[in-house]
1. Select from the stretch 117-139 the residues that are part of a helix (DSSP H, G or I) and within 15 Å of the ligand (Cβ to nearest atom) and list them in ascending order.
2. Mind telling me which of the residues SER103, SER69, SER60 ends up being among the small types (Gly, Ala, Ser), closer than 26 Å to GLU207 by Cβ and in contact (Cβ under 8 Å) with a residue 40 or more places away in the chain?
3. What's the total number of residues in the stretch 194-205 that are touching a residue at least 12 places away in the same chain (Cβ under 8 Å) and surrounded by fewer than 16 Cβ atoms within 10 Å (Cβ to Cβ)?
4. Can you list residue pairs whose Cβ atoms sit under 7 Å apart, with the first residue in the stretch 172-193 being under 15 Å from THR158 (Cα atoms) and without any contact (Cβ under 8 Å) to a residue 40 or more places away in the chain and the second being small (Gly, Ala, Ser) and not in a loop (DSSP other than H, G, I, E, B)? Count only pairs 6 or more apart in sequence or on different chains.
5. Just give me the residues in the stretch 194-209 being within 14 Å of the ligand (Cβ to nearest atom), out of contact with any Leu (no Cβ under 6 Å at 6 or more places or on another chain) and under 15 Å from ASN153 (Cα atoms), in sequence order.
6. In the set ASP193, ASP144, ASP165, which member is in a strand (DSSP E or B) and over 23 Å from LEU94 (Cα atoms)?
7. Does at least one position in the stretch 160-175 carry a residue that is touching a Pro at 6+ places or on another chain (Cβ under 7 Å), of a type outside the set (Asp, Glu), buried (at least 19 other Cβ atoms within 10 Å of the Cβ) and over 19 Å from LEU81 (Cα atoms)?
8. Could you list, in sequence order, all residues of the stretch 130-156 that are farther than 30 Å from SER177 by Cα, touching a helix residue (DSSP H, G or I) at 6+ places or on another chain (Cβ under 9 Å) and buried (at least 18 other Cβ atoms within 10 Å of the Cβ)?
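Values quoted throughout were computed directly from the atomic coordinates according to the rules given, and no laboratory measurement underlies them. Since the model is a prediction, treat every value here as computed from it, not as a measurement. Reconstructed Cβ throughout: ideal geometry from the backbone, glycine too, with neighbour counts over all protein chains shown.
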Amino acid sequence: MTSQRTRNRMVERLAAAGVRHSEVLEVMATTPRHLFLDEALSHRAYEDTSLPLGLGQTLSQPWIVARMSELVALAEPQRVLEIGTGSGYQTLILSRLVERVWSVERIAALKARAEQRLARLGATNVYLRHADGGLGWPQAAPFDLILLTACANHLPATLLSQLRDNGVLIAPVEDESGRQWLTRVRRRGQVFDHQRLEEVRFVPLLEGVIR
Ligand code: SAH
């Protein structure tokens, strides 16, 4: 089966599972997820499952990528900061939905691979950095939206301060019992309104960088 056909099936499943945003579905139907995995795993790229990226990290399952992309698209942001580039798959999807994307990854080897893929696929509105994303990207702030693709046990004040007024942050956040919740935070002046959405499962947001 061609990858376009398997991709169409993936998108049909996403729509059946409740993803409504037509632009998100369109972008997922045309983004080659298999190019973001090692060759040995690429035949599984369109299954609804998370897959290993190496170095202990995972490419999130298509459903959660779609769900987060939908939350991003609904906020209609122009400037987006992503924390946790990983394979670069979510980064490429974002780059097709918004004007410009800044993305930070703490593992140098993952950042380097993502950079190659994104360049090969012609993403010119993406800026990558190898750094601790908990510090954000102050030089490019403020952002309309900040997306975390790793789970925080608290939201760093440095990051929240890089949201513009009325900006939105979307992140998996861990509660006291260790359960993870997809959370949407909206900035109103110095007030940050938290809204807990559904339960999710992500790798943890860690401090420091790996060379
Ligand atoms: N969105 C990615 C999923 C990556 S998994 C994809 O589509 O492939 C989460 C990623 O967050 C991992 O690559 C991990 O190394 C990274 N990460 C964890 N803590 C981080 C931090 N403090 N700063 C930047 N990246 C971080």
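1. Just the residues of the stretch 117-139 that are part of a helix (DSSP H, G or I), to begin with: 117-120, 133-135, 138-139.
ARG117, LEU118, GLY133, GLY134, LEU135, PRO138, listed by residue number.
2. Numbers: SER103 fails: in contact (Cβ under 8 Å) with a residue 40 or more places away in the chain; SER69 fails: closer than 26 Å to GLU207 by Cβ.
That would be SER60, the only listed residue that is among the small types (Gly, Ala, Ser), closer than 26 Å to GLU207 by Cβ and in contact (Cβ under 8 Å) with a residue 40 or more places away in the chain.
3. 7
4. Between residues of the stretch 172-193 that are under 15 Å from THR158 (Cα atoms) and without any contact (Cβ under 8 Å) to a residue 40 or more places away in the chain and residues that are small (Gly, Ala, Ser) and not in a loop (DSSP other than H, G, I, E, B), the close pairs are ARG187/GLY167.
5. So the first thing to find is which residues in the stretch 194-209 are within 14 Å of the ligand (Cβ to nearest atom), and the list is 200-209.
Filter again for out of contact with any Leu (no Cβ under 6 Å at 6 or more places or on another chain), leaving 201-209.
Once the filter is applied, which keeps residues that are within 14 Å of the ligand (Cβ to nearest atom), out of contact with any Leu (no Cβ under 6 Å at 6 or more places or on another chain) and under 15 Å from ASN153 (Cα atoms), the stretch 194-209 yields ARG201, PHE202, VAL203, PRO204, LEU205, LEU206, GLU207.
6. Working: ASP144 fails: over 23 Å from LEU94 (Cα atoms); ASP165 fails: over 23 Å from LEU94 (Cα atoms).
From the options ASP193, ASP144, ASP165, the qualifying one is ASP193.
7. Among the residues of the stretch 160-175, not one is touching a Pro at 6+ places or on another chain (Cβ under 7 Å), of a type outside the set (Asp, Glu), buried (at least 19 other Cβ atoms within 10 Å of the Cβ) and over 19 Å from LEU81 (Cα atoms), which makes the answer no.
8. Start the filter on the stretch 130-156 by keeping residues that are farther than 30 Å from SER177 by Cα, which leaves 130, 137-144.
Next, only the ones that are touching a helix residue (DSSP H, G or I) at 6+ places or on another chain (Cβ under 9 Å) stay: 130, 138.
Once the filter is applied, which keeps residues that are farther than 30 Å from SER177 by Cα, touching a helix residue (DSSP H, G or I) at 6+ places or on another chain (Cβ under 9 Å) and buried (at least 18 other Cβ atoms within 10 Å of the Cβ), the stretch 130-156 yields only HIS130.
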